[in-house]
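Take a look at this one; I'll ask things after.
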Number of protein chains: 2
Amino acid sequence: MTQIRTPGPLDALFAPRGIAIVGASRNPAKLGAAMARSLGGFTAVGGHLALVNGRDDTMYPSIGAASADGPVDLAVLCVPAAACAAILAEAADAGVRAALVCGGGFAEVAGGQGAEHQRRLTEIARATGIRVLGPNTSGFLVPGAHLTASFVPGTSRVPSGGIAVVAASGGVNHALAFALAEAGHGISLAVGLGNGADVTAPDVLDHLADDPDTTAVALHVETVADGPRLIAAVRRLTARRPVVALVVGRSDVGAFAASHTGALATSWRTTRAALAQAGAVLVGDERELVDAVGALAVTRARAVADPGVGVVTAQAGPGLLLLDNLQGRSIAVPELTGHTQDELAALLPPLTYQRNPVDTGRPGPAMGGVLRAVGADPGVDVIAAYALHEPGAVDLVAAARAGRTDGVPLVLGLGGTGDAVTRDRDALRAAGIAATGDPAGVAAATAALVADARARSTGGDGPAAPGTAVEVADAYDEGQAKDLLDHLGIATMPRRCCATRSAAHEAFDALGGGDGDGADRGVRPVAAKLLDAAVLHKTEIGGVHLGITSHQALDAALDRLEAAGARRYLIEAMAPPGIDLIVGARRDPVFGPVVLIGLGGTVAEALADVAVRLAPLSVDEASGMPSELSGRALLAGWRGGPVLAPRALGEIVASLGGLLAANPLIDEIEINPLRLTHSGLIALDAVILTRKAGDAHPDR
Amino acid sequence: MTQIRTPGPLDALFAPRGIAIVGASRNPAKLGAAMARSLGGFTAVGGHLALVNGRDDTMYPSIGAASADGPVDLAVLCVPAAACAAILAEAADAGVRAALVCGGGFAEVAGGQGAEHQRRLTEIARATGIRVLGPNTSGFLVPGAHLTASFVPGTSRVPSGGIAVVAASGGVNHALAFALAEAGHGISLAVGLGNGADVTAPDVLDHLADDPDTTAVALHVETVADGPRLIAAVRRLTARRPVVALVVGRSDVGAFAASHTGALATSWRTTRAALAQAGAVLVGDERELVDAVGALAVTRARAVADPGVGVVTAQAGPGLLLLDNLQGRSIAVPELTGHTQDELAALLPPLTYQRNPVDTGRPGPAMGGVLRAVGADPGVDVIAAYALHEPGAVDLVAAARAGRTDGVPLVLGLGGTGDAVTRDRDALRAAGIAATGDPAGVAAATAALVADARARSTGGDGPAAPGTAVEVADAYDEGQAKDLLDHLGIATMPRRCCATRSAAHEAFDALGGGDGDGADRGVRPVAAKLLDAAVLHKTEIGGVHLGITSHQALDAALDRLEAAGARRYLIEAMAPPGIDLIVGARRDPVFGPVVLIGLGGTVAEALADVAVRLAPLSVDEASGMPSELSGRALLAGWRGGPVLAPRALGEIVASLGGLLAANPLIDEIEINPLRLTHSGLIALDAVILTRKAGDAHPDR
């Protein structure tokens, strides 16, 4: 761990010169004994390890005494929850700059003294500057420094390498470290945050941005206390190293999650969207996490918006599994150019499939040339390859090395079992080739390289669309809300707000061109709606009447609006048919202003098919949102329907986001529906919710 | 391989007394040499292995000569494609009863002689009764008999065990065998079918139904040649052993797939539905396949319709990953009874979560009791557990053994790395406990046990709804189609078919109760539609007019219908509002009659959110279809809307399926929409497509 860099605030924790175990024990079943066993390796490489126990005269009586024999940067507290605060204060007094508290009995426990014990830890950390990891965690490990601050046996077998793990939970930290080790990957630092009384994920992520031993970061998120701080830390880190994030909470795990962390779970979807926007690669489960971070630790693709993948396989069947998996992830596998196909035809037997995927037939010495030809294809940014381990037919390590193209990463699944296979996978990784075992692993690793390339290609977009400060009204009726949309440059239909029935009839003549008999002689139909800022759901109470083509029908509609309580009316030209969307901006309790889009209608709503981003955001960023919708095919000219210009939608979404960001008194704005027509996007209804100036919360 | 059973038709292939390698070679790079190396283990256990090469006088000159020295049941052909047919005939003449043809150059190759070479192989197999595996496959392995008929090195390291692999592709067969071995599972038989010139998946599945060494089957499907035969074989096999199926082709992999197998890919969705209906457990990728078949090889849950899972975890964070994964798969994790919670409270520290999931806090000797208490809960059919490997804290193998409840399988994820962990996982499996390493693996294994239990619970349903033979018309207009629905007992709205305008006005008076002025005085609106069996898409040409409440409006509608070419009119009462569904039955080119349901509307259509089953089918089976729709929440009283009675829909779907099964001249019937209202399900439109008697194809 020879490093030349400015010491960081967590160096005392993760790179201590000396460690004191307070509450060390000779009873092997005690935590203090388990910690002493685990940390034994630290002394073997010359670290100062002091056992402290005032009731055991074979040990140091106090941290102060331990410090006299060598520097103690880190105190590992193996004492009951109630005793931790006093020991922590003593440690800080003795010059110790970091502490690990593994035990439970703090804020994760409902009722009792737990929350108070944790509050006191936090208070002492704030007051003295000592940094505290935990409580309620199984600890951390730095294999490169032989530093295993964990009571879980076997942890010292985790090999050193370039992957850092930052897990909300100590158990998940260990599960991930073990899974990475089993898959052949090494660890630079693996941390379980536990209750996060002092050290939280952003602290560790900031530390890793300066850690020369870390080449990629695996982030496990359960709950988010401070959204903007987490996102800022992820953004800083992704500018330097790839980050892969696994967010728990797809389904409703609230009750158990709260019992575990003492915090309420925030929105899974919003947390994922925020992390992706900050440049992290998202995965669905811990297996994908291993594949993704394992690949990104050794290689990255060029920053391009839609990377193409070249698939090369020595066996057709596994290649088909790989292709199916990649396409199921909406990853492009473009047909190779004629030039590339000509090159391949010269290398391969004539009868294999060579357009992409490239089936090499029986593996042989042509493999290196095939990889080189595919890597040189202008449409290929990543190569995903699979081969059974057949060293007699081809030396895949040599072929993969020889076949490399600068800037085009190779993911190679090497199928087989036994030590020779493991050794070859290790050799591939050492050469900067992402090695795994099965087609699903190749697909997950390739997807991570693609997602990382996409994230970096948008990371350089222009700045967030600036929001305009407006004079915020106490309340908005539909007419006022649409006036604000007009101000933002969002199209609406011609309309009039009418205080009387006669004004409504005049509006009908002006907007509908009606002549009163409802016959089909070129009358343009109008809508008549109840106009009242206090009524949010007009349709449900009979406050919306559509397709009015005669004064008679208008009168009937006005009768019903009056019956529904209307005193004012909105008369509006009807929009052409199209596909209805919902777009809006609101304030997330954890992340602050967010924007979202979805398809209109109950099916889309029942499926919760929406895309989310933090606001403010750039038009480029917002323009990428429709491609995330499951029902996006509807926006691409479905059955002759209109085709969405993503940028036009992006401008609307970005302006709504900017509006919320610039105007703390606006709580929410929703356009529902925003109709996609052959003439563009038109807002058909809009709701704006505000708060009184005195009630404004900090804009976060 | 001591077996007492009737010899099966594939015993010569998979349990030969002697093997001849035809085209054996002393050149180590040749296929004939690789095969001889692989099959060396067979001689070591006393099998007769004969090397045949007429041009090498150290070998047998012919199969006949080889047979003279001992029985030869299996010939492994290592000769060029063009030479295979003659050798196969020679083998059959010599009394050989099975052959393996690994080489390519047959029907998988477009153009050239390949298809003809394969046709001749098939012809000789049919004529002589010799069974042929391949061509174009890397072979098969029977580890328990030390029989490695594969040229892929390392295959002989795959351990013997209870799992059979039946893969469409030789490469996938090896990839799966290696992945199972890496995960600690053993193999009874692993077969790659290749081109399937003679031996196909149903043959091998039939063989496995009688194989006492096989406890679970992994089936990999690329294309299906004979749907009914495959499904019959799967059904027979699942009655005896669990089958887990992985179907390729979620995305459009057609071009590459066709090049690989020489066959067109059939519908992924229909193939999956058919396999599930036959009792197979479906998985999404090869990793889930390993977890699923690994679990089902050692344990099965009780056959119940909606199994409940008890989650037990020694570490909260991984338990949360597990819970999230299970709930994301719509698996029930019910709250434990008060009695169970009382028992747990007596075993565990007071402050852990114990309602389900059960968090044991620090693992300790209570683990066995906790598993027993959870297993005894009446709502628990499977236990999914996770713990880091901490032998100092608890012996999990002993605890899991002691904590077993009869009939309640346990899946245990044992996190850690190293030989001690591997040994403990092996010990768990030997005790009938499904062992894996990570929460994702526990979830996949648990999901497989749950799916298998569900499949067996519906397997005993009543017989398929009998179809009624009807007199099939050459063509059906909407009125005739609805008459047939009436005959099937499917609700429609009151209607009249009208040949004249005056008849239409009379119908309006009768159905709408209209008085002619269109004012809102209790008139029930009617629909007027073009009535013509030749017009399938009425709406697009202006053939449908809704909400008619006056004779004047009816005249306008009739004018437009005439303009659209109508000579006859359907006047129909309008249905109440509700949620629109699409239900239908059609003929799949591979599987024969199928039924499908989906939600109405373009969003559902764009998402292809449909459920499919083979027909004929029981009402019970059909009643399970709505629960597969992503948008199923819409059918469960969404925002005060109507609630679907699944059985009512099941009866309709089963009757449509029976109709197609019993009437070969009906090609397709679709009800679109079938509206779910507060008064039940009502068919609003229906289309029936027929074929002329002379054109009828076999009903498949």
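The values are calculated or read from the model by the stated rules, or taken from the named source; none is laboratory data. Just so it is clear, the structure is predicted and the values come from calculations on it, not from any experiment. Using ideal geometry, Cβ is built from the backbone for each residue, glycine included, and neighbour counts are taken over all protein chains shown. These accessible areas exclude ligands, DNA and RNA; they are computed on the full protein's heavy atoms, side chains included. Shrake-Rupley method; radii C 1.70, N 1.55, O 1.52, S 1.80 Å.
Would you confirm, using the coordinates I've provided, whether B:A98 is open to solvent by less than 10 Å² (accessible area, probe 1.4 Å), among the aliphatic types (A, V, I, L, M) and either touching a helix residue (DSSP H, G or I) at 6+ places or on another chain (Cβ under 8 Å) or at pLDDT below 95 (or both)?
Yes, satisfied.
Take A:P9 and tell me if it is open to solvent by 50 Å² or more (accessible area, probe 1.4 Å), in contact (Cβ under 8 Å) with a residue 24 or more places away in the chain and in contact with a Gly (Cβ under 7 Å, 6 or more places away or on another chain).
It is false that A:P9 is open to solvent by 50 Å² or more (accessible area, probe 1.4 Å), in contact (Cβ under 8 Å) with a residue 24 or more places away in the chain and in contact with a Gly (Cβ under 7 Å, 6 or more places away or on another chain).
Report yes if some residue within region A:648-663 is assigned to a strand (DSSP E or B), in contact with a Gly (Cβ under 9 Å, 6 or more places away or on another chain), surrounded by fewer than 21 Cβ atoms within 10 Å (Cβ to Cβ) and at pLDDT 95 or above; otherwise report no.
No, region A:648-663 contains no residue that is assigned to a strand (DSSP E or B), in contact with a Gly (Cβ under 9 Å, 6 or more places away or on another chain), surrounded by fewer than 21 Cβ atoms within 10 Å (Cβ to Cβ) and at pLDDT 95 or above.
Output the number of the condition that A:G600 fails; it satisfies all remaining conditions of (1) at the interface with another protein chain (Cβ under 10 Å from one of its Cβ atoms); (2) open to solvent by 10 Å² or more (accessible area, probe 1.4 Å); (3) touching a Gly at 6+ places or on another chain (Cβ under 9 Å).
(3)
Something else: Go through (1) out of contact with any His (no Cβ under 7 Å at 6 or more places or on another chain); (2) open to solvent by less than 50 Å² (accessible area, probe 1.4 Å); (3) within 16 Å of B:L530 (Cα to Cα) one by one and return the number of the condition B:F508 breaks.
Of the numbered conditions (1) out of contact with any His (no Cβ under 7 Å at 6 or more places or on another chain); (2) open to solvent by less than 50 Å² (accessible area, probe 1.4 Å); (3) within 16 Å of B:L530 (Cα to Cα), the odd one out for B:F508 is (1).
Is it fair to say A:G144 is without any contact (Cβ under 8 Å) to a residue 24 or more places away in the chain and of a type outside the set (D, E, K, R)?
No: the conditions fail for A:G144.
Can you tell me which residues in region A:530-552 are over 15 Å from A:E478 (Cα atoms), of a type in the set (A, V, I, L, M) and modelled with pLDDT under 90?
Selection gives A:I541 alone.
Looking at region A:255-292 only, could you name the residues that are at pLDDT below 90, surrounded by 23 or more Cβ atoms within 10 Å (Cβ to Cβ) and among the β-branched types (V, I, T)?
Scanning region A:255-292 gives a single hit, A:T261.
Still on this structure, please answer the following. Pick out the one residue from B:G103, B:G139, B:G154 that is at positive phi and facing chain A (nearest Cβ under 10 Å).
Unique residue meeting the criteria: B:G154.
Would you confirm whether any residue within region A:451-458 is assigned by TED's automatic domain parsing to the domain that holds A:G328, of a type in the set (A, V, I, L, M) and modelled with pLDDT of 95 or more?
no
Now a separate question. For residues in region A:585-597 being more than 16 Å from A:V224 (Cβ to Cβ) and open to solvent by 10 Å² or more (accessible area, probe 1.4 Å), which is nearest to the other protein chains (Cβ to nearest Cβ)?
Out of the qualifying residues, it is A:L596.
Just the residues that are touching a residue at least 40 places away in the same chain (Cβ under 8 Å) and open to solvent by 10 Å² or more (accessible area, probe 1.4 Å), please, taken from region B:411-434.
Across region B:411-434, the qualifying residues are B:T422, B:R425, B:D426, B:R429, B:G432.
Moving to a separate point now. Pick from region B:628-643 the residues that are within 13 Å of chain A (Cβ to nearest Cβ) and not in a helix (DSSP H, G or I): which of them is nearest to the chain's Cα centre (by Cα)?
Taking the candidates together, the pick is B:L629.
Identify the residue in region B:117-136 that is part of a loop (DSSP other than H, G, I, E, B) and open to solvent by 30 Å² or more (accessible area, probe 1.4 Å) and, among all such residues, is nearest to the other protein chains (Cβ to nearest Cβ).
Of everything passing the filter in region B:117-136, B:N136 is nearest to the other protein chains (Cβ to nearest Cβ).
Within the bounds of region A:215-225, is there any residue that is open to solvent by less than 20 Å² (accessible area, probe 1.4 Å), modelled with pLDDT under 95 and more than 13 Å from chain B (Cβ to nearest Cβ)?
yes
Are there any pairs with C-beta distances below 7 angstrom linking a residue in region A:599-611 that is at positive phi to a residue that is part of a helix (DSSP H, G or I), with the two at least 6 apart or on different chains, and if so which?
Pairs that qualify, where the first residue is at positive phi and the partner is part of a helix (DSSP H, G or I), are A:G601/B:V603.
Only one residue in B:D73, B:D56, B:D93 is open to solvent by 60 Å² or more (accessible area, probe 1.4 Å) and either away from chain A (no Cβ under 14 Å) or more than 23 Å from B:P7 (Cβ to Cβ) (or both). Which one?
B:D93 is the lone residue from the list that is open to solvent by 60 Å² or more (accessible area, probe 1.4 Å) and either away from chain A (no Cβ under 14 Å) or more than 23 Å from B:P7 (Cβ to Cβ) (or both).
If you go through region B:350-377 one residue at a time, how many are β-branched (V, I, T) and modelled with pLDDT under 95?
2
Considering only region B:295-397, give the helices (runs of 4 or more DSSP H) lying wholly within it that have at least 1 residues that are away from chain A (no Cβ under 14 Å) and open to solvent by less than 10 Å² (accessible area, probe 1.4 Å).
Counting at least 1 such residues, we get B:338-347, B:367-376.
Okay, moving on. Could you check A:A443 against (1) more than 29 Å from A:P334 (Cα to Cα); (2) within 11 Å of chain B (Cβ to nearest Cβ) and say which number it fails?
In the conditions (1) more than 29 Å from A:P334 (Cα to Cα); (2) within 11 Å of chain B (Cβ to nearest Cβ), A:A443 misses (1) alone.
Which one is surrounded by the most Cβ atoms within 10 Å (Cβ to Cβ), of the residues in region A:553-580 that are away from chain B (no Cβ under 14 Å) and basic (K, R)?
A:R568
Something else now. Please tell me if A:L484 is at pLDDT below 90, within 24 Å of A:S655 (Cβ to Cβ) and out of contact with any Ser or Thr (no Cβ under 7 Å at 6 or more places or on another chain).
It is false that A:L484 is at pLDDT below 90, within 24 Å of A:S655 (Cβ to Cβ) and out of contact with any Ser or Thr (no Cβ under 7 Å at 6 or more places or on another chain).
For region A:182-200, what are the residues that are surrounded by 24 or more Cβ atoms within 10 Å (Cβ to Cβ) and small (G, A, S)?
Within region A:182-200, A:S188, A:A190, A:G192, A:G194, A:G196, A:A197 meet the criteria.
Quick one: is A:A510 assigned to a helix (DSSP H, G or I) and at pLDDT 95 or above?
In short, no.
Answer yes if at least one residue in region B:493-504 is assigned to a loop (DSSP other than H, G, I, E, B) and closer than 30 Å to B:A622 by Cβ, and no otherwise.
yes
Can you name the residue in region B:139-177 that is part of a loop (DSSP other than H, G, I, E, B) and within 25 Å of the chain's Cα centre (by Cα) and, of all such residues, is surrounded by the most Cβ atoms within 10 Å (Cβ to Cβ)?
B:A168
Among the residues of region B:588-627, which ones are over 15 Å from the mean Cα position of the chain (by Cα) and assigned to a helix (DSSP H, G or I)?
Scanning region B:588-627 gives B:T602, B:V603, B:A604, B:E605, B:A606, B:V619, B:D620, B:A622, B:S623, B:P626, B:S627.
Checking B:C78 against (1) surrounded by 21 or more Cβ atoms within 10 Å (Cβ to Cβ); (2) in contact with a Lys or Arg (Cβ under 8 Å, 6 or more places away or on another chain); (3) over 27 Å from B:A190 (Cβ atoms), which test does it fail?
(3)
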